[in-house]
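Here's the structure, in structure tokens; my notes come after.
Read-outs: derived from the displayed coordinates by stated rules, not from any lab. If you're wondering where the values come from, they're calculated on a predicted model, not measured in any experiment. FYI the Cβ positions are ideal-geometry reconstructions off the backbone, even for glycines, and counts take in every protein chain you see.
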Amino acid sequence: MREKPILRVATKLLVPFILLFALYVQFHGDFGPGGGFQAGVIFASGFILYALVFGLDFARDALPAAVRRVGMSCGVLIYAGVGVAGMLTGGRYLDYSVLAADRLAGQHIGIFLVELGVGLCVFTALTTIFFVFAGRNRDLGPGD
């Protein structure tokens, strides 16, 4: 891709806006359309665009396998942890209303945390799937 400077510059300009839009979708998800899954897919698309233009090795340096594994694990643990926290505070699994003194505030906290876990897990899972399939013809590194 070194012979395509316009594509490289355009990608450098677009990727921050893609990631910023993903954050908007993530944090606006409990008030309107969007949420964790959509934000995770948008976030992953920014990294996949980066990998397509600048190369798989640079993208793997930016997002190593260990970080992706921890991200997937933390996403699942956040989701499950919110459910367990609801049970420990006297409610049912994923009953958000018991997470705060006010039922509405508890629901906002619970939805926010669950969507955060989903977004993190989807983002890291999609980028891992892309890295595995994109590098399938090469010798996989120690983390992939």
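Of all the numbered requirements in (1) over 20 Å from the mean Cα position of the chain (by Cα); (2) under 20 Å from Lys12 (Cα atoms), Val98 misses one, and that requirement is (2).
Within the range 1-21, the residues that satisfy the criterion of being in contact (Cβ under 8 Å) with a residue 40 or more places away in the chain and assigned to a helix (DSSP H, G or I) are Leu7, Arg8, Thr11.
Yes or no, residue by residue, for (1) on the phi < 0 side of the Ramachandran plot; (2) buried (at least 18 other Cβ atoms within 10 Å of the Cβ); (3) of a type in the set (S, T, N, Q):
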residue	(1), (2), (3)
Gly75	yes, yes, no
Ala80	yes, no, no
Gly91	yes, no, no
Leu94	no, no, no
Phe133	yes, no, no
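Put simply, of Phe131, Phe54, Phe58 the only residue that is touching a residue at least 60 places away in the same chain (Cβ under 8 Å) and of a type in the set (Phe, Trp, Tyr) is Phe131.
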